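Here the structure is laid out as structure tokens; the discussion comes afterwards.
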Amino acid sequence: MTRRETVDVGGVPISYLTAGEGGPLVLLLHGTYWSRVWQPVLDDIAAAGFRSVAVDFPGFGRSGGELTVSEASVPRLSAWLPRFLEALGHMGPVMVAGHDIGGGVAQHLMLAKEVEVPRVAVVNGIMYDSWPVPGVARFRDPAVASATTRDDVLAARRVSVVKALGRPASEAEINEYLDPWTDPRVARSWLALAGAADHRYTMEMLPALLQSRTPKLLVWGEDDGFQTVDYAERYAREIPETRLVRIKSAGHIPMENDPKAVAGALADFFGAGRRST
């Protein structure tokens, strides 16, 4: 059922993967990767009665445009999403799941209240001071970023993708993940995202999160070396209305290790919200 579509947002062609025609909208956000991370679970989420949409942020994946450092922070990406939803023609509540930095964007969107987010899920996402990880943090130095070529980005992303998949992968599969970064514009957008990576954005959300009664789900690959499960355990203890689902023998992209378990956890969580309304 999954297909790729494009919508114009402020003159920029924005690409997204989608499955399902009707039902409540589930918006799926990527972080340092792109919408490809959600591909293994889109059909199963749609089969549970949802319209699943995995968007590529501007300058990422198959979307047009190019991010600058000032546009690539968690708050700025969150502020862009209502424009995307408007371009989709969506009005009303939207349930959101975010992976990696997208997990921080999902939390910010919930708290900002510019759109109604009745339920939010974070899949191996950023929280507290868990980011940026060293492989991303080094690019926060403008001198390092300016000296970094497209080939440098590709090489760094290859190392990250191989580790994040958490399982053996063919060269064709790795290259499919890496393909967007062969475009220098997309490589520059990734450098902008790395340059904007700052845990103050997640730390600044803590007071509001501690007061939040919005239901929250954490889905976590237990073997993640980037966003370790101890952060999720702490979040589940401290933040109200939070439940943690652990995915065994899974890494940073658990959708690639156990897509049925991830899709099932998300569909059950978002479905509970639908049944309670």
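For the chain, the per residue solvent-accessible surface stands at 39 Å², with DNA, RNA and ligands left out and a 1.4 Å probe.
So in the chain, what percent of DSSP beta bridges are antiparallel if you round to the nearest 5? Looking only at bridges with both residues in the chain, the antiparallel portion is about 30 percent.
Bridging of residue 113 to lysines at a Cα separation below 20 Å is possible for 216, once same-chain residues fewer than 8 apart are set aside. Within the straight-line cut-off of under 18 Å between alpha carbons, the lysines reachable from residue 163 are 248, sequence neighbours fewer than 8 places apart in one chain being disregarded.
The charge dipole of the chain, taken about the Cα centre with unit charges on the Cβ atoms of Lys, Arg (+1) and Asp, Glu (-1), comes to about 400 debye, rounded to the nearest 20. Placing unit charges on the Cβ atoms only, positive for Lys and Arg and negative for Asp and Glu, gives region 131-277 a dipole magnitude near 440 debye about its Cα centre.
Modelled spin-label separation between residue 203 and residue 154, with each label point placed 7 Å from Cα along the Cα-to-Cβ direction: 3.8 nm. Each peptide among 261-270, 50-59, 181-190 gets the average number of other Cβ atoms lying within 10 Å of its residues, and from highest to lowest they stand as 50-59, 261-270, 181-190. Among the helices of the chain, none built from whole DSSP H runs has Cα atoms reaching 30 Å or more along its own axis together with a mean Kyte-Doolittle hydropathy of at least -0.5.
What is the calculated FRET efficiency for residue 244 to residue 183, with r their C-beta to C-beta distance and R₀ = 30 Å, to the nearest 0.05? So, using R0 = 30 Å, E works out to roughly 0.25. Taking every alpha-carbon pair under 8 Å whose residues sit at least 6 apart, region 1-111 reaches a relative contact order of 31 percent.
Among 88, 240, 70, whose Cα projects farthest towards the positive end of the dipole of the chain, with charges put on the beta-carbon of Lys, Arg (+1) and Asp, Glu (-1)? Result: 240. The largest accessible area among 202, 148 belongs to the first residue in 148, 202, and the rest follow in falling order (1.4 Å probe, all chains). Taking a straight Cα-Cα cut-off under 17 Å and skipping sequence neighbours fewer than 8 places away in the same chain, the aspartates and glutamates within cross-link reach of residue 260 are 43, 44, 222, 268.
By accessible area, using a 1.4 Å probe on protein heavy atoms only, region 43-139 has 52% of its surface on carbon and sulfur.
In the set (i) 30, 24, 17; (ii) 25, 21, 20; (iii) 33, 31, 19, the label that goes with semi-axes √(5λ) of the Cα gyration tensor in Å computed for this structure is (ii).
Given a 1.4 Å probe and every protein chain left where it sits, what share in percent of the accessible area of region 223-277 is carbon and sulfur?
Details: 1210 of 2620 Å².
The nonpolar share, carbon plus sulfur, comes to 46 percent.
Within region 8-85, report the GluC sites (Glu not before Pro) that DSSP leaves as loop and that have at most 16 other Cβ atoms within 10 Å.
Values: sites: 21, 66, 71; in loops: 21, 66.
Counting only loop positions with at most 16 other Cβ atoms within 10 Å, the GluC sites (Glu not before Pro) in region 8-85 are 21.
About its Cα centre, the dipole of region 77-146 is roughly 40 debye, where the only charges are +1 on Lys and Arg Cβ and -1 on Asp and Glu Cβ.
Each peptide in 42-49, 128-135, 73-80 was scored by the mean count of other Cβ atoms within 10 Å over its residues; highest first, the order is 73-80, 42-49, 128-135.
The values are calculated or read from the model by the stated rules, or taken from the named source; none is laboratory data. Predicted, not measured: the structure shown is a model, and the values here were computed from it. Counting neighbours? That spans all protein chains shown, and the Cβs are built from the backbone with ideal geometry, glycine included. Heads up: the accessible areas ignore ligands, DNA and RNA and are worked out on the full protein's heavy atoms, side chains in. Shrake-Rupley method; radii C 1.70, N 1.55, O 1.52, S 1.80 Å.
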